[in-house]
Structures are given as C-alpha cells and as structure tokens.
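Note sheet for the following structure.
The values are calculated or read from the model by the stated rules, or taken from the named source; none is laboratory data. Just so it is clear, the structure is predicted and the values come from calculations on it, not from any experiment. Cβ coordinates were reconstructed from backbone atoms using ideal geometry, including for glycine residues, and neighbour counts include every protein chain displayed. What goes into the accessible areas is simple: the full protein's heavy atoms, side chains included, and nothing from ligands, DNA or RNA. Shrake-Rupley method; radii C 1.70, N 1.55, O 1.52, S 1.80 Å.
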Amino acid sequence: MAELETQQGGLAVPDGWTYAPAPESTDIVRIAERYGHYVGGEWLEASEIYETIAPRDESPLATIGQATKADVENAVAAARNAYADGWSSLPGSERAKYLFRIARILQERAREFAVLESLNGGKPIKESRDVDVPLAAAHFFYYAGWADKLEYAFPNRRPRPVGVAGQIIPWNFPLLMLAWKVAPALACGNTVVLKPAETTPLTALLFCDVLRQAELPPGVVNIVTGDGRTGAALVESEGVDKIAFTGSTEVGKAIQRQLAGSGKKLTLELGGKAANIVFDDCALDQAVEGIVNGIYFNQGHVCCAGSRLFVQESIYEPLVEKLKRRLTTLRVGDPLDKNTDVGAINSAMQLEKIKELVASGEEEGAEIYQPPCVLPEKGYWFAPTVFTNVAQSYRIAQEEIFGPVLSVLTFRTPDEAVEKANNTPYGLSAGVWTEKGSRILWMAQRLRAGVVWANTYNRFDPTSPFGGYKESGFGREGGRHGLEPYLRFDD
Ligand code: NDP
C-alpha cells in the first residue's frame, strides 16, 4: 500500500493512492438484438424502431420499438380485457401472491437488473445494486401486503380499482419508477400500460420476463416503448382511466391541460430545486457527506436532489473548504466499476442542458469549482461542480439542472433560511442539518416541501409517501397514501 502522508489538519491521507479497477462483469445480462412491445403477455413486433445506447461509451445496446398510436391502443385494449376478465375481481390475497412473487424474483435476479440499469442509464453500479434494485423489490413486497387490506386502509369507504392505468416514467430511476407505479396499481386491482423513457427502456423490458416467471395473467401489465409521442398517445387514449406521470414540469403541465375535464384521474411527480439547509450547530462532517449524497447521487439526475445548499454564514468558510476537499475524492468514471461514485450523464441531450446552465452560472457571475478529474473520452460526462457566490436570481439557483451541479447560498437566521428555501416554484423536498430537534420541527412545519429530511438526505422507503407541492406536482407515491390514486370510492 502507498505511504500515508500527514496533512496540515493532522488527518492521515494516502499519497498517490489510487483504486485498482473493479469492473462488474456484464456476462450475467443477455440483451436481445431487438425488442418489440409487451402486450397481452406476448411480444409484438414493432413497426417503427430506434436504437438504445450505453451512455458510458455511446455503444449501441439494442433496437427498441417506437410504439405508434395503434400499438398504444392495442396495449390499452389488452389491459381493459385483463381488467374485465378477472383481475379486478380477484381477491386481494390472490393479487398479493403475484406481487410477492414479482418481489422475490426481482431479488433473485438483482445482479442482472443492476448491471443492466447501469449499462443503459449510466448510473454507478453501487447505486443500482444497493439502492435502485433493492428498493424496487421492497415496493412490491410492501404493496403486496396492502392488496388484501384495502378495506382497513380506507375503512367505511368501499375502495375499488380505477380501471386501466397509463403510466409514464423518466430515465433517472427506470426500474424503481416502474416499481413505484406498477406495485400500487396492481395491489389495488388495476391493470397497467407503462411507457419507460426513450433512453432507458431495457430494465422495463427485462421486467416483462419477471412477469412471465411470476405467471401474471396476460394483459395485466403491458409495456410499450417509444419517445414522447408514445407517451402522448397513452395520455390521449380514451380507454385509460388514470394517468400517472413522473418527469419534467413542462410535460406535466401539458398533460394536466390535456386531461382537464376528461374525468381521468391524474398524479404528477415533477421537478424540484430542493434546499439543503445547514445550521452552524450541525455535525459538519456528517453534513458534508449529506450534501455530497444530496447532489452527486445518480449524477444529480434526481428530482429531489439537494441542488441549492443554504449554509449559515458563520460556518460558510469551513464548510465550503471541507466540501471542496471531499469533492477531490469522488471517483468519476465507468458506471460498471464498483468504486465509481459519479457515473455517466444519461444522454447527449441532458449533457447539453447541464453545460448550458453551467455556462449561464459563470456568465451571471457565480464562481465555479470542479475538482481535478480525468473524464473518459467517449460517452457523456460532467465533473462534480460547486458554484459559490450565487445570487438567488441566477438561473442556476432557480432552474432544475438535473446534473451534478450544486449552488451554494447563505443565510443568517432560521426565518431567512425558510424564506429563501421556499422562494422557488417547486416544492418536492428539503434537508435540514442541526443538532436541535426543536429546530428541525420548526423548520419542517414551515418548509413548503413534500419531504423534509433531517440530518440525512435522499432516504427512500416504500412505507413513506413521496410527492410535491406547487410545480413539483400533486398526488403521493409510497405508503398508504400511494394507494389512493389507484382507487375510487364512489358506489
Ligand atoms: P420528460 O418530462 O420529457 O420525460 C418524462 C417521460 O415523459 C418520458 O417517458 C418521456 O418520453 C415522456 N414524455 C415526453 N413528452 C411527453 C408528452 N408530450 N406526453 C406524454 N409523455 C411524454 O423529461 P426529459 O426526459 O425530456 O427531461 C427533461 C428535463 O426534465 C430534465 O432535464 C429534468 O430537468 C426534468 N426531469 C425531471 C424528472 C423528475 O423526476 N422530476 C425526471 C426526468 C426529467 P421520452 O423519454 O421519450 O422523452
């Protein structure tokens, strides 16, 4: 092992020490050359196609179907048949058996799913392995438990399924978002047509094999792939009773306009620009870890990312110094390397968006810091970035960047922190770092955010509801609250 060097602060740190490559093998995953649409328990040929690639090196992975309006209608009809043909009237305890099976199969095939998720999406394998896949299985386990207890979840309200749910998910957590949508829908007795994001369809397509293994009745879950046009066709379909959408605020607003007056149920989980608020009495090193996790987890492609850091003025300098030092230890590179902390940006388009917003930050007068790191030549990459000297009016403090870019701002009093944190059109999440429990509660009552984490960040649990205020959308996913959008209570 390399020699240890003692730094000014007295901490022993390795000198010239690097990690040996630790690549996860891709042998466990078998990707087909071409995929169609999964409708009525069968694979249907796609008439139009496109290619999905690996963002780490831009290499092609598979040919994917671009579902047309007719394909979508076909899938909706299959879901309607399955709904009427027994699924909606199946006893909850029977539906639960399928959900438990799906959960167990996901666990059994966890490594396969983790590798595929990192290949297609660019996220570090340690995240897909330790977060995405286990949480996806946990969601199926959790909602399996509710399937036969809906009467107890909503006493005296006669809960019944809504019908066919159209579900549109983004590219940042492809399998996990599928689980958030499919598990509660099935637990409540609905059938589903799901559209994964254009750039990350592969784990959803592999999930069809899990459905086959679980012997889920044909048509209960249908998966059609394609770009925004496929999503729009699903929203428009007359045969859909409920739309669940996770994605950008812009598309969410368009969907809401389109569905106004249609009688279809709608939940929207949209963007965010979360405040991560650090008080001077917090455990500083712990807060630094939380800040790093808050914004660099999944390359910052996280709707609830702590992208606005509010630091109490008295600790601004030591905190920023610690943060910058911590950034130098982040390893950016191959998502399939088990030591990688920050993987590839999901797509060329997203990389362009990040670059444009970062350039605006520099132009508006913010000070940029990026640790020295060598980025791979091929693929889509962006170094972890911190902006200081940021005014609240700057675009980097206002707009969702959806990348590994942190804006640091300051405050003096708790009131000022609340005022500044709430000064955003979004309201999805927030973080508070302080040793005082009373201050945590005081802040949590005033922050207009669906989730407030205290002395931690980016913690997810299927039992806990998640969702936004204002332009971050409406409706909750997770927990008992997550059942409600998939139920009706009329007679
Ligand atoms: P979108 O909102 O476009 O994508 C989300 C999903 O909606 C995808 O499956 C997408 O398909 C689909 N979609 C696109 N247009 C329509 C439409 N008109 N009707 C129905 N469905 C549609 O997000 P982007 O991927 O374009 O990302 C843009 C920005 O949105 C990001 O930079 C980020 O800031 C934000 N974002 C926020 C997310 C969140 O969780 N809050 C998640 C993803 C993005 P397709 O993949 O083919 O475009």
Pairs where the first residue, in segment 277-289, is closer than 22 Å to Ala449 by Cα and the second is acidic (Asp, Glu), C-beta under 7 Å, 6+ apart: Cys282/Glu435
Verdict on Ala136 being among the hydrophobic types (A, V, I, L, M, F, W, C) and away from the ligand (no atom under 16 Å from the Cβ): no
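So that you can scan it fast, the table gives a plain yes or no per residue for (1) closer than 20 Å to Gly36 by Cα; (2) open to solvent by 10 Å² or more (accessible area, probe 1.4 Å):
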position	(1), (2)
Ala62	yes, no
Ala67	yes, no
Ala75	yes, no
Ala84	no, yes
Leu99	no, no
Arg104	no, yes
Failed condition for Ala260, given (1) within 15 Å of the ligand (Cβ to nearest atom); (2) under 30 Å from Ala46 (Cβ atoms); (3) surrounded by fewer than 17 Cβ atoms within 10 Å (Cβ to Cβ): (2)
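Specify which of the listed residues (Glu3, Glu51, Glu45) is modelled with pLDDT of 95 or more, loosely packed, with under 12 Cβ neighbours inside 10 Å and over 23 Å from the mean Cα position of the chain (by Cα).
Glu45 is the lone residue from the list that is modelled with pLDDT of 95 or more, loosely packed, with under 12 Cβ neighbours inside 10 Å and over 23 Å from the mean Cα position of the chain (by Cα).
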Within segment 223-239, considering residues that are touching a residue at least 12 places away in the same chain (Cβ under 8 Å) and acidic (Asp, Glu), the one nearest to the ligand (Cβ to nearest atom): Asp227
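Going residue by residue through segment 182-190, is there one that turns out to be open to solvent by 10 Å² or more (accessible area, probe 1.4 Å) and either free of Cβ contacts under 8 Å to residues at least 12 places away in the same chain or within 16 Å of the ligand (Cβ to nearest atom) (or both)? Walk me through how you get there before you give the answer.
Quick first cut of segment 182-190, residues open to solvent by 10 Å² or more (accessible area, probe 1.4 Å) only: none.
For segment 182-190, residues open to solvent by 10 Å² or more (accessible area, probe 1.4 Å) and either free of Cβ contacts under 8 Å to residues at least 12 places away in the same chain or within 16 Å of the ligand (Cβ to nearest atom) (or both): absent.
Please go through segment 318-329 and give me each residue that is open to solvent by 20 Å² or more (accessible area, probe 1.4 Å), closer than 16 Å to Leu406 by Cα and in a helix (DSSP H, G or I), ordered by number.
Once the filter is applied, which keeps residues that are open to solvent by 20 Å² or more (accessible area, probe 1.4 Å), closer than 16 Å to Leu406 by Cα and in a helix (DSSP H, G or I), segment 318-329 yields Glu321, Lys322, Lys324, Arg325, Arg326.
Can you pull out the residues in segment 240-252 that are over 19 Å from the mean Cα position of the chain (by Cα) and either open to solvent by less than 10 Å² (accessible area, probe 1.4 Å) or within 16 Å of the ligand (Cβ to nearest atom) (or both)?
As a first pass, look at segment 240-252 and keep what is over 19 Å from the mean Cα position of the chain (by Cα): 240-242.
Val240, Lys242 - these are the residues of segment 240-252 that are over 19 Å from the mean Cα position of the chain (by Cα) and either open to solvent by less than 10 Å² (accessible area, probe 1.4 Å) or within 16 Å of the ligand (Cβ to nearest atom) (or both).
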Test for Thr199: is it open to solvent by 10 Å² or more (accessible area, probe 1.4 Å), touching a residue at least 24 places away in the same chain (Cβ under 8 Å) and among the hydroxyl-bearing types (Ser, Thr, Tyr): yes
Unmet criterion (only one of (1) over 30 Å from Gly122 (Cβ atoms); (2) among the acidic types (Asp, Glu); (3) within 16 Å of the ligand (Cβ to nearest atom)) for Glu471: (1)
Residue match in segment 115-130 (condition: assigned to a helix (DSSP H, G or I) and more than 30 Å from Trp381 (Cβ to Cβ)): no
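Out of curiosity, is Phe245 among the aromatic types (Phe, Trp, Tyr) and assigned by TED's automatic domain parsing to the domain that holds Leu175?
Details: among the aromatic types (Phe, Trp, Tyr): yes; assigned by TED's automatic domain parsing to the domain that holds Leu175: yes.
Spelling it out, Phe245 is indeed among the aromatic types (Phe, Trp, Tyr) and assigned by TED's automatic domain parsing to the domain that holds Leu175.
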Qualifying residue in segment 152-170 (condition: within 14 Å of the ligand (Cβ to nearest atom), among the hydrophobic types (A, V, I, L, M, F, W, C), touching a strand residue (DSSP E or B) at 6+ places or on another chain (Cβ under 6 Å) and assigned to a helix (DSSP H, G or I)): no
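Quick one: count up the residues across segment 202-222 that are of a type in the set (Val, Ile, Thr) and within 16 Å of the ligand (Cβ to nearest atom). Give the steps one after another, and end with the answer.
Step one: filter segment 202-222 for residues of a type in the set (Val, Ile, Thr), giving 203, 210, 220-221.
Then keep just the ones that are within 16 Å of the ligand (Cβ to nearest atom); that gives 203.
Number satisfying all stated conditions: 1.
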Total residues in segment 330-382, condition open to solvent by 70 Å² or more (accessible area, probe 1.4 Å) and in a loop (DSSP other than H, G, I, E, B): 6
Total residues in segment 390-424, condition of a type outside the set (A, V, I, L, M, F, W, C), within 14 Å of the ligand (Cβ to nearest atom) and free of Cβ contacts under 8 Å to residues at least 60 places away in the same chain: 1
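Taking Ala136 as the residue in question, decide whether it is in contact (Cβ under 8 Å) with a residue 24 or more places away in the chain and in contact with a Leu (Cβ under 8 Å, 6 or more places away or on another chain).
Spelling it out, Ala136 is indeed in contact (Cβ under 8 Å) with a residue 24 or more places away in the chain and in contact with a Leu (Cβ under 8 Å, 6 or more places away or on another chain).
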Any chance Pro384 is of a type outside the set (A, V, I, L, M, F, W, C), within 16 Å of the ligand (Cβ to nearest atom) and under 22 Å from the mean Cα position of the chain (by Cα): no
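Determine whether Thr199 is modelled with pLDDT of 95 or more, within 14 Å of the ligand (Cβ to nearest atom) and not in a helix (DSSP H, G or I). Walk me through it before giving the result.
Details: modelled with pLDDT of 95 or more: yes; within 14 Å of the ligand (Cβ to nearest atom): yes; not in a helix (DSSP H, G or I): yes.
Spelling it out, Thr199 is indeed modelled with pLDDT of 95 or more, within 14 Å of the ligand (Cβ to nearest atom) and not in a helix (DSSP H, G or I).
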